[in-house]
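Notes for the one structure printed next.
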Amino acid sequence: MRKQLVYALVAVASVFGVYFLVKSQKIVKNDAYYEAVGQYVYAYSGGSVSSTEPLRVRFVNAAVGKEQIGQPVPVNIFHTSPKIEGQAVWEDDRTILLKPAQPLPFGKKYTAQVALGKIYAEAPDFARTFEYRFRVRELAYEVAREGINTDPVDLKMQEVSGKLHINEACDPANVEKMLAAKQGNKSLQVSWKHDSDGRTHAWTVVGVERTNVRSQVRLNWNGKAIGVRRGFEDNQMVAPLDEFLVLSANVVQVEEQYILINFSDPVSASQDLSGLIRLGNYTGKLRFVTNGNFVRVYPDQRLVGSQELIVDATIRNSSGQSLKSGFSSNLEFEDLNPAVRLVGRGSVIPQQNNGAVIFPFEAVGLSAVDVEVFKIFNSNVLQFLQVNDLEGENELERVGKIVLQKKFDLSELNPNATSKTWQRYAFDLQDMIRKDPGAIYQVRIAFRREYTTCDAGNKEQLTPAFEREQDDEFGVKTSIMGGER
């Protein structure tokens, strides 16, 4: 019995010896390592990932036989630390796919290892394990309170509305737990409208009662329901019944810039507001749109800098009552944020009579853009269309590659354009497409911080569309949109 125990202890000690030997073999990530790994690994889910995003490792060549497709990947081939619940499988003969069983915790960091030596026997000893890291994006939200509106049937009843923006799609049921509203000791009902993208959510607090005394609607926001450790309280003032007031005035910095003025009562729709609402130093024309308690004021040109808004006390509500007093406020107007967008939504660009293939787009606040063209090879078009429509992005690295990354100076594309407003530009793809007319080409446009025309202070606060790195650590061309595709 004692002899058997000694053998057992020796066996256990041997197992732990092997374990610590494996753990102690440090991976030296030098140029030789990345070059060697790049001979086997084509792409992987690294860097920043979504909490619900499937994780993939794609290999250059077939890693298993066709009979293994759909089968589990052994843990000694692929694993993560900390462990992610869910079964990794062979999505095809050269792709490992792991779909997390539950959304991954926001902000969590992971390390993944792929045993290249067990897949490819010829892998060199110093690159037999491919290790990479990734992180789940932090979740964040932003609340925009628009103001108060009055029930057109019962002027004593009002509602407070706004929008909630979240940087990741969230379950609407959890989103609706984020807001609790009260007026005094009375809890108020909140109604919701959720956009299909799961990120934008319009909210309305109903049942706000207007009495003869001033009161407050307390809006308590708590991100716990969606996994964010952030909360705050916002307050909306409710004016007494006998007071007609301006509650707020804000500049909405969208493409067609306007001032949103919120009144305590519905504004008389028949009153001409010209001259009654004005900007102190502005000599241009103003256009007014009245909608219940809101008045939108549109300048006839985009404004930048500080302007004093003046609201005259002679403005009347729908009952004919004038404002209790005039109102003034200093407002800050801004340039449009730098951006780029495509013209229309067509997937096919027609070839012109002279052979030109013109790709149009629009930009604002930019001096240049970066253009990238991804080519889906003629021989792979059918394979691409098996899992995509013409605008699809699934499994692109299996059917093509990036064939062009080029900077375009916008002043050369359109010498008469200004960066202050949206302007039309275009470039010609004729030379590229002539070489392989049967292929499919995906065109992508983005910009870097240094391409923006805003002042230095705003430029520092700007989050660019991307920060380009021409090639990744394996020598694969990095997309301007992120990743290798």
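How would the stretch 248-398 be classified by its alpha-carbon gyration tensor: rounded, prolate or oblate, with rounded meaning a/c under 1.5 and the a/b versus b/c comparison settling the rest? The partial results should precede the final answer.
Values: a/c = 3.57, a/b = 2.79, b/c = 1.28.
It is prolate, given that a/c is not under 1.5 and a/b is the larger ratio.
The largest accessible area among T283, T211, T80 belongs to the first residue in T283, T211, T80, and the rest follow in falling order (1.4 Å probe, all chains). For S322 and R137, a Förster radius of 41 Å and the Cβ-Cβ distance give a FRET efficiency of 0.20, rounded to the nearest 0.05. So for the stretch 249-314, taking the charge dipole from beta-carbon charges (+1 Lys/Arg, -1 Asp/Glu), which of G292, V252, G305 sits furthest toward the positive end? Towards the positive end, the residue furthest out is G305. Computed from the Kirkwood radius of its Cα pairs, the Stokes-Einstein diffusion coefficient for the stretch 16-135 at 25 °C and 0.890 mPa s stands at 164 µm²/s.
Take T453: with every protein chain present and a 1.4 Å probe, its accessible area is about 70 Å².
Can you give the net charge of the other residues whose Cβ lies under 12 Å from the Cβ of I96, counting K and R as +1 and D and E as -1?
Details: positive: R56, R58, R94, K99; negative: E91, D92, D93.
Every neighbour counted, the sum reads +1.
How big is the Cα convex hull of the stretch 259-309 in projection, averaged over all directions, in nm²? It would help to have the intermediate numbers written out before the result.
On the way: hull surface 14.4 nm².
For the stretch 259-309, the mean projected area of the Cα convex hull comes to 3.6 nm².
Taking every alpha-carbon pair within the stretch 142-245, the share separated by more than 16 Å comes to 57 percent.
The loop-placed trypsin sites (Lys or Arg not before Pro) in the stretch 168-260, going by DSSP, that have at most 15 neighbouring Cβ atoms within 10 Å of their Cβ come out as K177, R214, R229, R230.
Please state, rounded to one decimal and in Å, the Kirkwood hydrodynamic radius that the stretch 79-147 gives when every pair of distinct Cα atoms enters the mean of 1/r. Before the final figure, lay out the partial values.
On the way: mean 1/r = 0.0678 Å⁻¹.
Its Kirkwood hydrodynamic radius stands at 14.7 Å.
For E308, what charge total do you get from the other residues with a beta carbon under 14 Å from its beta carbon, if Lys and Arg give +1 and Asp and Glu give -1? Result for the neighbourhood of E308: -1. Phi-derived couplings, Karplus 6.51 cos²θ - 1.76 cosθ + 1.60 at θ = phi - 60°, listed residue by residue for the stretch 85-100: 5, x, 9, 6, 9, 7, 5, 8, 6, 9, 9, 8, 10, 10, 9, x Hz, with x used for Gly and Pro. Each residue of the stretch 370-378 is assigned a 3J(HN,Hα), and the resulting list reads 9, 10, 10, 10, 9, 9, 9, 4, 3 Hz, derived from the Karplus form 6.51 cos²θ - 1.76 cosθ + 1.60 (θ = phi - 60°), x at Gly and Pro. Close amide H pairs (under 5 Å, H built 1.01 Å from N) link V238 with S215, Q216, V217, residues at least 5 positions away or on another chain. Please say if the stretch 84-215 is rounded, prolate or oblate, where rounded means a/c under 1.5 for a ≥ b ≥ c the square roots of the C-alpha gyration tensor eigenvalues, and otherwise the choice is prolate for a/b larger than b/c and oblate otherwise? Here the stretch 84-215 falls in the prolate category.
The values are calculated or read from the model by the stated rules, or taken from the named source; none is laboratory data. What you are looking at is a predicted structure, and each value in this text was computed from that prediction instead of being measured. With ideal geometry, Cβ positions are generated from the backbone for all residues, glycine too; neighbour counts draw on all protein chains shown. The area values use the complete protein model at the heavy-atom level, side chains included, leaving out ligands, DNA and RNA. Shrake-Rupley method; radii C 1.70, N 1.55, O 1.52, S 1.80 Å.
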